[in-house]
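Asks: Submitted below is the structure of interest, expressed as structure tokens.
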Number of protein chains: 2
Amino acid sequence: MQKRLLMTPGPTPIPGDVLLAMAQPILHHRTPEFKGLLKSCGDDLQPIFATNEQVLMLSSSGTGAMEAAITNFCRHGDTIITVAGGKFGQRWGQIGRAYGLSVVEIEVEWGQAVELSAIEEALNEHPGARGIYVQASETSTGVRHPVQGIAALCRTRSETLCVVDGITAVGVEPLEMDKWGVDIVVSGSQKAFMLPPGLAFIACSEKAWAMAEQSDLPRFYFDLLKERKNQATGQTAYTSPVSLVVGLRKVLDRMLAMGVEALHEHHDTLARGTRAGILALGLKLLANPPATSVTAAWAPDDMDAGDIIKGIGQRNIKIAGGQDHLKGRIFRIGHLGWFSQADIIATLSALECTLADLGHEFSPGVGVVAAAAVFEGK
Amino acid sequence: MQKRLLMTPGPTPIPGDVLLAMAQPILHHRTPEFKGLLKSCGDDLQPIFATNEQVLMLSSSGTGAMEAAITNFCRHGDTIITVAGGKFGQRWGQIGRAYGLSVVEIEVEWGQAVELSAIEEALNEHPGARGIYVQASETSTGVRHPVQGIAALCRTRSETLCVVDGITAVGVEPLEMDKWGVDIVVSGSQKAFMLPPGLAFIACSEKAWAMAEQSDLPRFYFDLLKERKNQATGQTAYTSPVSLVVGLRKVLDRMLAMGVEALHEHHDTLARGTRAGILALGLKLLANPPATSVTAAWAPDDMDAGDIIKGIGQRNIKIAGGQDHLKGRIFRIGHLGWFSQADIIATLSALECTLADLGHEFSPGVGVVAAAAVFEGK
């Protein structure tokens, strides 16, 4: 009877009908039935990615799609610019270096968004840079980077791609791939798509595909030109993660029934409620500006964030901690995917009870009341 | 009320309790609970792989693990020897070339096993070859290659690894990694492991790990040294395909309850019954010697194999066809994983009815009777 609430920024809870759809007898992937399914999913991913380009599916975690976003577009010796303001921003640099690229890392304090002037400066210093690699929402800090502005800076540079890790942004907040001129968007199944991990997504602009033709980095499993050709006929190049695609169909039905704009609003409401609750308790937010997927907050100065996470855990709610140097200093509450206002209220109440136990002073209930006010539209 | 029987060599049917285990609320992968699960799965994979080495899990299809078996062990400019006697044998060569290696392909007629003398000759011609890359069971033709003999040839050569694609052999027939001295064995979830696709396995010998330290090919997502270190603590380097690992736990319980030897015998019985049935109908087998995972048979000379597959399909049983130049000429019946003698009997009966429709002459029932005799131990 210990019902547990998972409030992490991925994996996120999975709706029951989606779990049961995936529990049906397995389909063979080389059948007309599966081809139709894969194609319909590809089509319906387009509005979620705000693009008319093909959205490709890969059998991997999101990191596999990040690797593909480098190995399919860069050439030996290329320079890329990355925004290293969190664990996932650093990952772009690690992948680039693993493939022998020259990586220019823009160091940004964790929790701060990159300044457009820093991007422009890096571009001017490295005019031949093959791409700017950035997170729309940096999951480790909950910050939102200014993707629209970065895309605008890349748009006028014919040799530079704007590549965005949208793993915790796609389906959560506006990331207007075509309209803003973003060249590559990557995402993964265990975030807003409310599925188990193991299916990654990648969409590429015409400019990116043209640059892919010149790429000479080695790759095989993550060969996007091959996937593009295969998936146009409803087949992945290698065996599809069939059950996740079956689940994806169900999830896309839910997302599109709600509508993309309403989906973003829903997430925005959850995020605003969470932030209001945390601020009302006298805590400070880490991220500036905060993304919609996850809220990161500083523990009070005299408190170990690990104790907060533990206390909330004792109340059967799992939230996440900080990574690397932020470990013990921040906690993170995820609210992308299959979450409700009730989940946020319950989490804030558990946070209140934990903070009270740990000696933090506040008026009991203020966090919950502040969130409820947001949810009530007040 | 159209109950369908999937008789393909992967994906194979999934037991109901495994499907339901995977339909439970998702676990977070950075928890003690999941760490314990991943570690227990790693431990229990060892007897199935016949090794005391760590068996690593990757979030990808089997092809991802094949790529890892090249990129983690070879160096720039290395030569590898591959056995190109089927679609998957050719894939080793394609991956090697994608990474700039010099690939020596031993051409083998599809359906024939490679001769050990051909391996020895290639090794003598290319004494510095970094590895022999071969399939234990070549799924596209149903042939078994002589892995034990190949491993013996590599054992005395300190610079050459014996690398085996065991995707349709592990859990099906003896592939004695440690005893035979096989250096690397690869497998995947949607075969004998009775799971959906999306989880790949790889186990490596001490000799292989030592050679991995010298490898300088680029890789990031499939970095086995990193995975080895991480998975020793119950964590994958990137997000685990959590639900597949939960399913794997259930599957391993089943496999180990039966015992590895009994599991191989069970598959051997299914394979012998299938072959006996097909031969009794006057058809010829493609593979020499046949593997235990899948039986490939020639269509009668005057018949298109596609018509046989279609006829069996009309009886709600899905079998597989041939690939590339064998398309239309052979059909393949899978019997690795969650299959019963009853499934084989039903498939042979559907084959009989189809062959009768297409004008093939035989005494009705001989195929079914021959298989039943094998199953009855006669």
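Rule-based calculations on the coordinates, nothing more; no lab input. Model, not experiment: these values are computed from the prediction. Every residue, glycine among them, receives a Cβ derived from its backbone with ideal geometry; neighbour counts consider all protein chains shown.
Asks: Work out the length of the dipole vector of region A:278-378 about its Cα centre, built from +1 on the beta-carbon of each Lys and Arg and -1 on the beta-carbon of each Asp and Glu, and round it to the nearest 20 debye. Write out the running numbers ahead of the final one.
Replies: Working: 8 positive and 10 negative charges, 58 e Å.
With only Lys, Arg, Asp and Glu charged at Cβ, the dipole is about 280 debye.
Asks: Could you work out, for the protein assembly as shown, what percent of all Cα-Cα pairs fall into each 10 Å distance bin, beginning at 0 Å and stopping at the bin that holds the largest distance?
Replies: Result, from short to long distances: 3, 14, 23, 24, 19, 11, 5, 1, 0 percent.
Asks: Further question: Take every residue in peptide B:192-198, count the Cβ atoms of other chains within 10 Å of its Cβ, and give the average of those counts. If you can, show how the numbers build up before the last one.
Replies: On the way: counts 0, 0, 1, 2, 13, 13, 12.
Partner Cβ neighbours, averaged per residue: 6.
Asks: Could you tell me the calculated FRET efficiency between A:Q214 and A:R4, based on Cβ-Cβ distance and R0 = 60 angstrom, to the nearest 0.05?
Replies: Numbers: r = 50 Å, r/R0 = 0.83.
Calculated value: 0.75.
Asks: Same structure, new question: On a C-alpha basis, how far is the centre of region B:265-335 from the centre of region B:132-173 in Å? Whole number, if you could?
Replies: A separation of 23 Å, based on Cα centres.
Asks: In addition: Return the calculated 222 nm mean residue ellipticity for chain B, to the nearest 500 deg cm²/dmol, obtained by summing -39500 (n - 2.57) across DSSP H runs with n ≥ 4 and dividing by the residue count.
Replies: On the way: 14 runs with 160 residues, N = 378.
Here the helix-only value at 222 nm equals -13000 deg cm²/dmol.
Asks: Let me ask you something else. With a/c under 1.5 counting as rounded, go ahead and sort chain A into rounded, prolate or oblate using the C-alpha gyration tensor (a ≥ b ≥ c being the square roots of the eigenvalues; past the cut-off, prolate if a/b is larger than b/c, else oblate).
Replies: Details: a/c = 2.07, a/b = 1.32, b/c = 1.57.
Oblate, since a/c reaches 1.5 and b/c is not below a/b.
Asks: Using a Gaussian network model of chain B whose springs link C-alpha atoms within less than 10 Å, name the residue from B:L217, B:L351, B:L285 with the highest mean-square fluctuation.
Replies: B:L217
Asks: Tell me, in nm to one decimal, what length is gained between A:N124 and A:E361 on full extension, where the rule is 0.36 nm per residue of separation less the Cα-Cα distance? Let's see the in-between values first.
Replies: Working: separation 237, 0.36 × 237 = 85.32 nm, distance 4.98 nm.
80.3 nm is the gain from fully extending A:N124 to A:E361.
Asks: Also, quick follow-up: Which Cys in chain A stand alone, with every other cysteine's Cβ at 4.7 Å or more from theirs?
Replies: A:C41, A:C74, A:C204, A:C353
Asks: Label position 7 Å from Cα toward Cβ: report the copy-to-copy distances for A:D17 in nm, one decimal, ordered from shortest.
Replies: With the label placed 7 Å along Cα→Cβ, A:D17 yields 3.0 nm.
Asks: Another question, then. Just how large is the dipole of the protein assembly as shown about the Cα centre, in debye to the nearest 20, putting +1 at every Lys and Arg Cβ and -1 at every Asp and Glu Cβ? Numbers along the way, then the final one.
Replies: Details: 66 positive and 80 negative charges, 236 e Å.
Rounded to the nearest 20 debye, it is 1140 debye.
Asks: Follow-up question, since we're still on this one. Name the helices (complete DSSP H segments) of chain B with a Cα length along the long axis of 15 Å or more and a Kyte-Doolittle mean of at least -0.5, or state none. Working shown, then result.
Replies: On the way: long enough: B:32-49 (25 Å, -0.14); B:87-98 (16 Å, -1.07); B:242-258 (25 Å, 1.18); B:260-280 (30 Å, -0.19); B:341-357 (24 Å, 0.82).
Length and hydropathy pass: B:32-49, B:242-258, B:260-280, B:341-357.
Asks: With labels modelled as points extended 7 Å from the Cα through the Cβ direction, what inter-label distance (nm, one decimal) is found for B:E265 paired with B:S40?
Replies: With each label placed 7 Å out from Cα toward Cβ, I get 2.8 nm.
Asks: Along the charge dipole of chain B, pointing to its positive end and built from +1/-1 on Cβ of Lys, Arg, Asp and Glu, which listed residue (B:A21, B:Q323, B:H266) has its Cα farthest out?
Replies: Working it through, the farthest residue towards the positive pole turns out to be B:A21.
Asks: Note the distances from B:H325 to each other copy's matching label point, with points 7 Å along the Cα-to-beta-carbon direction, in nm, sorted shortest first.
Replies: 6.2
Asks: Mind listing the label-point distances from B:S363 to the same position on all other copies, shortest first, one decimal in nm, points 7 Å along Cα→Cβ?
Replies: For B:S363, the other copies' label points sit at 9.6 nm, shortest first.
Asks: On to the next question. Taking the Cβ of each residue in A:Y238, A:Y221 as the centre, tally the other Cβ atoms inside 10 Å and list the residues starting with the fewest.
Replies: On the way: A:Y238 24, A:Y221 28.
Ranking A:Y238, A:Y221 by Cβ neighbours within 10 Å, fewest first, gives A:Y238, A:Y221.
Asks: Roughly how many debye, to the nearest 20, is the charge dipole of region B:17-257 about its Cα centre, given +1 on each Lys and Arg Cβ, -1 on each Asp and Glu Cβ, and no other charges? Could the numbers behind the result be given before it?
Replies: Details: 21 positive and 27 negative charges, 165 e Å.
Once rounded to the nearest 20, the dipole reads 800 debye.
Asks: On to the next question. What is the sum of charges around B:K250, taking Lys and Arg as +1, Asp and Glu as -1, for the other residues whose C-beta is under 14 Å from the C-beta of B:K250? Don't skip to the end; give the middle numbers.
Replies: Numbers: positive: B:R249, B:R254; negative: B:D17, B:D44, B:D253.
My count for the surroundings of B:K250 gives -1.
Asks: Also: I'd like to know which of A:A151, A:A192, B:G85 lies farthest towards the positive end of the charge dipole of the protein assembly as shown, counting +1 on Cβ of Lys and Arg and -1 on Cβ of Asp and Glu.
Replies: A:A192
Asks: Given the options B:A297, B:A280, B:A356, which has the most mean-square fluctuation in a GNM of chain B, springs set between C-alpha atoms less than 10 angstrom apart?
Replies: Checking each option, the largest mean-square fluctuation is seen for B:A356.
Asks: Listing B:M303, A:M57, B:M66 from the residue with the fewest other Cβ atoms within 10 Å to the one with the most, what is the order? Numbers along the way, then the final one.
Replies: Details: B:M303 18, A:M57 23, B:M66 30.
Arranged by neighbour count, lowest to highest, B:M303, A:M57, B:M66 become B:M303, A:M57, B:M66.
Asks: Using only alpha carbon pairs under 8 Å that are at least six residues apart, calculate the relative contact order of chain B and give it in whole percent. Don't jump to the answer; show the numbers that get you there.
Replies: Numbers: 810 pairs, mean separation 87.5, N = 378.
23 percent.
Asks: Continuing with this model, one more query. How high is the FRET efficiency from B:R155 to B:T233, r the C-beta distance, R0 41 Å, rounded to 0.05? Walk me through the intermediate numbers first.
Replies: Numbers: r = 32 Å, r/R0 = 0.77.
It comes out at approximately 0.80.
Asks: Still on this structure, I have one more. Answer with one residue from B:S117, B:Y238, B:A356: the one whose Cα lies farthest towards the positive end of the charge dipole of the protein assembly as shown, charges on Cβ with Lys, Arg +1 and Asp, Glu -1.
Replies: Of the candidates, B:A356 comes out farthest on the positive side.
Asks: Could you tell me which of rounded, prolate or oblate describes region B:305-378, using a ≥ b ≥ c as the square roots of the eigenvalues of the alpha-carbon gyration tensor, with rounded for a/c under 1.5 and, failing that, prolate when a/b is larger than b/c and oblate otherwise?
Replies: Numbers: a/c = 1.92, a/b = 1.29, b/c = 1.49.
It is oblate, given that a/c is not under 1.5 and a/b is not larger than b/c.
Asks: Further question on the same structure: Report the residue, chosen from B:T63, B:T82, B:T239, that carries the largest GNM mean-square fluctuation when chain B is represented by alpha-carbon nodes joined by springs under 10 Å.
Replies: With Cα springs under 10 Å in chain B, the top fluctuation among B:T63, B:T82, B:T239 is at B:T239.
Asks: Run the quick spin-label model on A:E206 and A:Q94: label points 7 Å from Cα toward the beta carbon, then report their separation in nm to one decimal.
Replies: Distance between the two pseudo-spin positions: 3.7 nm.
Asks: Among DSSP beta bridges whose residues both lie in chain A, state the antiparallel percentage, nearest 5. Please report the intermediate quantities before stating the final value.
Replies: On the way: 20 of 40 bridges.
Antiparallel bridges make up about 50 percent of those DSSP assigns within chain A.
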